[in-house]
Amino acid sequence: MSTTDREPQALDALDDAGRKVLFTEARTANTFAEVAVADDELAMIWELARWSPSAANGQPLRVLFVRTREGKERLVRHLDEGNRAKTLSAPAVAILAYDVDFHEQMPTVFPARGDMLRAAFAGQIEKRESIAAYNSALQTGVFLLAVRAAGLAAGPMAGFDKAGVDEEFFAGTSWRAHLVVNIGHPGDDPWFPRLPRVPVEDAVAYV
């Protein structure tokens with residue numbers, strides 16, 4: 001039988017409830033209930049998020065989960081004023097970063113070509129930085145979906161001093177912060193009014 005004669009593989013589709021949880025009814029949380037987020041819930045988030053696609057399976061995304069009051073106080077010094085109170089009130093906070101030395105993992109994550117890719121990227125720090133930033137952003141979208149899939153709300157924030165966070169938490173490492181995400185159960189009046197989406201005719205084309 002030729003490949004063209006084979007039946008296509010059937011893939012499962014999310015039901016309406018799953019689509020609502022991940023997409024159509026999911027919101028960015030701005031307040032959080034005083035309900036702890038357990039370590040196994042954070043582990044579940046990463047277990048889901050780590051299956052995200054990335055170029056050559058490079059997986060540059062790294063996560064630091066901040067759970068203690070002391071850790072949050074260290075973090076909020078580097079956040080924009082409007083982000084500080086909600087971060088202190090969040091049960092858990094994820095600092096999402098990318099690893100500019102992601103190429104060192106290539107023999108592990110891409111065994112067939114890993115040594116070649118590691119050697120090719122070894123002297124190209126600017127190229128690695130660009131690749132890591134782009135692919136960690138791709139992985140970050142999946143991370144936010146993973147938070148929702150774990151039954152929690154996410155509050156992503158880009159308003160912070162990245163150099164300050166890097167110095168505070170990642171000094172001497174190859175990690176570079178790119179997003180802060182508050183995580184927990186929604187609190188009182190957690191949602192801003194739902195904002196419009198870009199009209200389909202302005203966002204989608206067919207040829």
Worksheet item: Hey, any hits in the stretch 80-101 for a residue that's of a type in the set (Phe, Trp, Tyr), open to solvent by less than 50 Å² (accessible area, probe 1.4 Å) and either at pLDDT 95 or above or within 30 Å of ARG27 (Cα to Cα) (or both)?
Response: yes
Discussion item. Residue under question is ALA133, and the condition is that it be under 21 Å from ASP80 (Cβ atoms) and not in a loop (DSSP other than H, G, I, E, B); does it hold?
Written reply: yes
Worksheet item: Mind checking whether some residue in the stretch 6-14 is in a helix (DSSP H, G or I) and of a type in the set (A, V, I, L, M)?
Response: no
Item to complete: Would you please list the contacts, defined by Cβ atoms under 6 Å and residues six or more apart or on different chains, that run from a residue in the stretch 4-25 that is modelled with pLDDT of 95 or more to a residue that is surrounded by 10 or more Cβ atoms within 10 Å (Cβ to Cβ) and not polar (S, T, N, Q)?
Response: VAL21/ARG148; LEU22/LEU145; LEU22/ARG148
Item to complete: Would you please list the contacts, defined by Cβ atoms under 6 Å and residues six or more apart or on different chains, that run from a residue in the stretch 182-207 that is over 28 Å from PHE32 (Cα atoms) to a residue that is part of a loop (DSSP other than H, G, I, E, B) and open to solvent by less than 90 Å² (accessible area, probe 1.4 Å)?
Response: none
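When only residues in the stretch 102-112 that are in contact (Cβ under 8 Å) with a residue 24 or more places away in the chain, touching a helix residue (DSSP H, G or I) at 6+ places or on another chain (Cβ under 6 Å) and open to solvent by 30 Å² or more (accessible area, probe 1.4 Å) count, which is farthest from GLU70 (Cα to Cα)?
Only one residue tops the list, namely PHE110.
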Practice prompt. Only residues that are touching a residue at least 40 places away in the same chain (Cβ under 8 Å), over 30 Å from PHE23 (Cβ atoms) and open to solvent by less than 50 Å² (accessible area, probe 1.4 Å): list them for the stretch 113-154, please.
Written response: LEU117
Discussion item. Condition first: in contact with a strand residue (DSSP E or B) (Cβ under 6 Å, 6 or more places away or on another chain) and open to solvent by 40 Å² or more (accessible area, probe 1.4 Å). Now tell me which residues in the stretch 28-47 satisfy that.
Written reply: THR28
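The values are calculated or read from the model by the stated rules, or taken from the named source; none is laboratory data. As the structure is a prediction and not an experimental result, all values here were calculated from the model. Heads up, the Cβs are rebuilt from the backbone with ideal geometry, glycines too, and the neighbour counts pull from every protein chain shown. Side chains are part of the model used for accessible areas, which takes the heavy atoms of the whole protein and leaves out ligands, DNA and RNA. Shrake-Rupley method; radii C 1.70, N 1.55, O 1.52, S 1.80 Å.
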